[in-house]
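A.B. asks: I am attaching a structure below and will ask some questions about it afterwards.
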Amino acid sequence: MNIFTKFINNFRSGIKSLSRWKEMGSFTAVFSNFGRNMNKSEIVRSCIRPLAEQTSKASATCTDKTVERMLRLSPNPFMNGKDFLYKVRTQYELKNTAFILIMRENNSITGFYPIPYITFEGLEDEQGDIYIKFYTAKGDYIFLWDDLVVLRKDYNEHDIGGDDNDILLNTLEMINVSNQSISNAIKSTANLRGILKSTKSMLDVNDTKNIRDEFIKNYMDSANEGGVAVLDTSMEFTPINMSPTIATWNNQKEFRENVYRYFGVSDEIIMSKATTEQMQVFYEMKIEPFLMALSQELTRKLFSERQLAFGNEVIYQSSTIQFMSMSDKLALKDYIDRGALTPNTWCDIVGLPHVEGGDEPIRRLDTAPVGKIASSLEGEKDDE
């Protein structure tokens, strides 16, 4: 029995009677051609990937160094810090509500587990405590609300979670139908390339088959490098140029852009062609708000009121410097002799090794206000 299973069994044994929470703020799984998970859609996965990748670059700081080390290196035995953030952000985008279980044992925090649920519902006990019941592929689990970090998007209709993504399904279905029509059209044009007409009357089935096979062998095989067919008056070949009206990539552009807008990404972001300015806007609009919500939710669920009063908190940060081009990073060296950056800080930005004494700020001393320079020069003349 692993520690996670042991924790769940001990937790369940302490639960007495539960009734459905009167708010009824439950989440219903969305069913479509993509099954239980929109992540099976190619375009959805393409949109979520840059969101999850950029989020996973963040790093946690915490006044409790044990918690900080856990969040940075190994939130649970199955994930490192990067994988943890990647999975939480992916679930957040797919379901608009992400849950993280804070596992405690003997008043100590032992792990943080993203919960891969299918659906959930709120429950309440006789004392008024709130629980969340999760339905997962491996069974049903019930956890206390205070042990759950909850991140919500499109938070409107329910008290527990965000609204579902069913408003996106029609667009995804249109893209799916378009892809199928393209595939079917390609297959159909490969099957029938022309009609071979014989002037001979009353051909039986075997004669028709023999004439067709002989024509294909002589003129439509790859060995016929010249591409020229010679026919007598008894046969006439009419090629079929099938150009059905199908949804091309350009026809799909509007549908795809609808999905991009829904997730807050662009083609440049997805294809890794975004400029520094575009990436900074992307960070400010899509990455930073998520990290702020995660920081606040972890802080309020990990620490008591007294601990909060002493300044305990968790902060996830990710610098926009990571989006700068190398030329822009190199230009930051001008800030070193102004005392704005230490030499080693700049070395970290451009990926160079630290230098001795590089942690101390330095400043040029050969500059001064013009008035002071003039006064200094006059004083030197007087001394002469």
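The values are calculated or read from the model by the stated rules, or taken from the named source; none is laboratory data. Worth saying up front: this structure is predicted, and the values here are computed from it rather than measured. Neighbour counts are summed over all protein chains in view; Cβ atoms, including those assigned to glycine, are modelled from backbone coordinates with ideal geometry.
A.B. asks: Inside region 56-102, can you point out the residues that are closer than 21 Å to Gly161 by Cα and touching a Ser or Thr at 6+ places or on another chain (Cβ under 6 Å)?
C.D. replies: Leu85, Tyr86, Arg89
A.B. asks: Leu85 versus (1) closer than 24 Å to Lys153 by Cα; (2) without any contact (Cβ under 8 Å) to a residue 24 or more places away in the chain: which is the lone unmet condition?
C.D. replies: (2)
A.B. asks: Filter region 319-356 for residues that are part of a loop (DSSP other than H, G, I, E, B), surrounded by 15 or more Cβ atoms within 10 Å (Cβ to Cβ) and at pLDDT 80 or above and give the result.
C.D. replies: Answer for region 319-356, where residues must be part of a loop (DSSP other than H, G, I, E, B), surrounded by 15 or more Cβ atoms within 10 Å (Cβ to Cβ) and at pLDDT 80 or above: just Thr342.
A.B. asks: For residues that are under 23 Å from the mean Cα position of the chain (by Cα) and farther than 15 Å from Lys301 by Cβ, tally how many sit in region 135-159.
C.D. replies: Within region 135-159, residues that are under 23 Å from the mean Cα position of the chain (by Cα) and farther than 15 Å from Lys301 by Cβ number 6.
A.B. asks: Inside region 325-366, can you point out the residues that are among the β-branched types (Val, Ile, Thr) and in contact with a Pro (Cβ under 6 Å, 6 or more places away or on another chain)?
C.D. replies: Ile336, Thr342, Val355
A.B. asks: Name the single residue, out of those in region 265-278 being in contact with a Ser or Thr (Cβ under 8 Å, 6 or more places away or on another chain) and closer than 13 Å to Glu53 by Cβ, that is modelled with the highest pLDDT.
C.D. replies: Among those residues, the one meeting the criterion is Ile270.
A.B. asks: Could you tell me whether region 303-311 includes any residue that is among the aliphatic types (A, V, I, L, M) and touching a residue at least 24 places away in the same chain (Cβ under 8 Å)?
C.D. replies: no
A.B. asks: Output the number of the condition that Lys133 fails; it satisfies all remaining conditions of (1) in contact with an Asp or Glu (Cβ under 6 Å, 6 or more places away or on another chain); (2) buried (at least 17 other Cβ atoms within 10 Å of the Cβ); (3) closer than 18 Å to Thr90 by Cα.
C.D. replies: (3)
A.B. asks: While we're looking at this one, here's another question. From the list Ile118, Ile132, Ile142, which one is within 20 Å of Met38 (Cα to Cα) and of a type in the set (A, V, I, L, M)? Break it down into steps so the answer makes sense when it comes.
C.D. replies: Details: Ile132 fails: within 20 Å of Met38 (Cα to Cα); Ile142 fails: within 20 Å of Met38 (Cα to Cα).
One residue alone meets the criteria, Ile118.
A.B. asks: Tell me, which residue of region 136-154 that is assigned to a loop (DSSP other than H, G, I, E, B) and at pLDDT 90 or above is surrounded by the fewest Cβ atoms within 10 Å (Cβ to Cβ)? Lay out the reasoning, then the answer.
C.D. replies: First, pick out the residues of region 136-154 that are assigned to a loop (DSSP other than H, G, I, E, B): 137-138, 153-154.
From what is left, the residues that are at pLDDT 90 or above are 153-154.
On the way: Lys153: 17, Asp154: 13.
Across region 136-154, the extreme among qualifying residues is Asp154.
Rundown of residues vs (1) surrounded by 15 or more Cβ atoms within 10 Å (Cβ to Cβ); (2) modelled with pLDDT of 95 or more; (3) of a type in the set (Ser, Thr, Tyr); (4) touching a His at 6+ places or on another chain (Cβ under 6 Å), yes/no style:
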| position | (1), (2), (3), (4) |
| --- | --- |
| Gly25 | yes, no, no, yes |
| Thr28 | no, no, yes, no |
| Asn39 | yes, no, no, no |
| Glu42 | no, no, no, no |
| Pro50 | yes, yes, no, no |
| Ala60 | yes, no, no, no |
| Leu71 | yes, yes, no, no |
| Phe78 | no, no, no, no |
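A.B. asks: I would also like to ask the following. Taking the condition of being at pLDDT 90 or above and either crowded, with 19+ Cβ neighbours inside 10 Å or within 23 Å of the chain's Cα centre (by Cα) (or both), how many residues in region 103-118 meet it?
C.D. replies: Adding up the residues that qualify gives 8.
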